[in-house]
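S.K.: Please find one structure pasted underneath; my questions will follow.
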Amino acid sequence: MKKTKSIFKNKIFIISVCSVAIIALIFAIILHFIFNGKIKAVETISLKRITSVQDISLTGHRGLSSQAPENTLPAFELAAKNGLTAVEFDIQLTKDNVWILSHDTTLNRMTDSRGKIADSTYFDLAGCTVDNGANIEKYQNLKMPSLDDALDCCLENGLSPMIEIKTFNSTGIKKLVDSIKSHGLESSCQVISFNHDAIDAVRDADSEIKTVYLVTKLDDEHLQQCLDHPDIGVSFKADRKNNSAAVIKKLLNNDTELYCWVVDDKDTLQYYYKAGVRNFVTNRIIP
């Protein structure tokens with residue numbers, strides 16, 4: 001009898017372990033689709049249908065990323081065709097110190113390859129194909145552009161670049177500044193980063209290039225840091241709870257140039273416009 005009970009308990013234990021394993025597997029699959037799922041196109045919104053004001057400036061977030069894969073030349077070209085005059089994009093350094101366009105430090109989410117960009121050479125990345133993003137089916141054999149590719153595209157399409165530094169070193173900063181200057185974009189581009197050291201490095205290399213500090217939450221520490229440097233612009237997240245109109249007013253009173261990201265709906269745009277913001281980074285709003 002005791003032996004039967006023992007066997008029964010063992011079976012229950014095995015079933016319980018299997019159940020936990022199955023639940024964990026299902027959870028992992030769900031997370032995979034949440035974080036690595038295919039990006040769908042989102043309909044654009046005309047600014048003219050939101051408001052009649054004339055003093056709003058729009059910057060395409062990673063290009064017109066609601067209509068073409070983010071951080072690619074087609075996204076930039078579509079931004080220009082839809083009336084945008086500026087695009088924001090992210091840059092990462094390769095193993096051989098070439099700037100490549102990517103928001104992520106890895107290739108996993110947006111390409112058919114895997115691994116860290118910092119562990120790959122520019123030649124390695126030439127073999128990668130972008131296989132994710134809005135309307136990806138329209139863009140076969142799409143490649144990750146280099147910084148120079150992106151700046152060439154901006155010049156050809158009349159776009160002002162807003163360049164976000166993700167990772168950097170001294171060699172990379174020199175190459176970034178050299179590329180900006182060789183394209184004659186010193187006075188029309190902006191370099192932005194969450195890393196204040198990156199901002200300082202660009203300013204040290206060329207004080208003519210406009211810099212903007214990225215901030216997710218304008219808490220007391222970050223707000224004071226921004227107030228201490230009124231000559232550096234501030235781009236803050238569209239988060240009414242942490243970045244309220246009262247906080248925005250302090251920065252405006254300090255003559256800080258402000259940008260708000262990412263603004264994709266009428267209510268958010270109108271809220272921050274009323275607070276005094278005029279520059280918006282967006283995935284889908286077009287002039």
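S.K.: Taking region 188-236 as the search range and keeping residues that are among the hydroxyl-bearing types (Ser, Thr, Tyr) and exposed (fewer than 15 other Cβ atoms within 10 Å of the Cβ), which one is nearest to Lys175 (Cα to Cα)? Before the answer, list the steps.
M.R.: Here is the first cut: in region 188-236, the ones among the hydroxyl-bearing types (Ser, Thr, Tyr) are 188, 193, 207, 211, 213, 216, 235.
Of the ones still in play, those that are also exposed (fewer than 15 other Cβ atoms within 10 Å of the Cβ) are 207, 216.
Values: Ser207: 15, Thr216: 27 Å.
If we take residues in region 188-236 being among the hydroxyl-bearing types (Ser, Thr, Tyr) and exposed (fewer than 15 other Cβ atoms within 10 Å of the Cβ), then Ser207 is nearest to Lys175 (Cα to Cα).
S.K.: Specify the residue that is most open to solvent (accessible area, probe 1.4 Å); the eligible residues are those in region 110-142 that are in contact (Cβ under 8 Å) with a residue 60 or more places away in the chain and part of a loop (DSSP other than H, G, I, E, B).
M.R.: Taking the candidates together, the pick is Tyr139.
S.K.: Find the strands (runs of 3 or more DSSP E) located wholly in region 154-255 whose residues include 1 or more that are more than 23 Å from Thr105 (Cα to Cα) and in contact with a Phe, Trp or Tyr (Cβ under 7 Å, 6 or more places away or on another chain), and list them. Steps first, answer last, please.
M.R.: On the way: elements: 160-165, 190-193, 210-215, 233-237.
Because the criterion is at least 1 residues that are more than 23 Å from Thr105 (Cα to Cα) and in contact with a Phe, Trp or Tyr (Cβ under 7 Å, 6 or more places away or on another chain), the strands (runs of 3 or more DSSP E) in region 154-255 that meet it are 233-237.
S.K.: It is to be established whether one or more residues within region 274-286 are open to solvent by 70 Å² or more (accessible area, probe 1.4 Å) and within 14 Å of Leu58 (Cβ to Cβ).
M.R.: Checked against the condition, which is being open to solvent by 70 Å² or more (accessible area, probe 1.4 Å) and within 14 Å of Leu58 (Cβ to Cβ), region 274-286 yields at least one hit.
S.K.: Any residue at all in region 207-215 that's within 24 Å of Val281 (Cβ to Cβ) and in contact with a Gly (Cβ under 6 Å, 6 or more places away or on another chain)?
M.R.: Checked region 207-215: at least one residue is within 24 Å of Val281 (Cβ to Cβ) and in contact with a Gly (Cβ under 6 Å, 6 or more places away or on another chain).
The values are calculated or read from the model by the stated rules, or taken from the named source; none is laboratory data. If you're wondering where the values come from, they're calculated on a predicted model, not measured in any experiment. Because the Cβ atoms are built from the backbone with ideal geometry, glycine has one as well, and the counts that use them run over all protein chains shown. The protein model used for the area step is the full one, side chains on, heavy atoms only, and it has no ligands, DNA or RNA in it. Shrake-Rupley method; radii C 1.70, N 1.55, O 1.52, S 1.80 Å.
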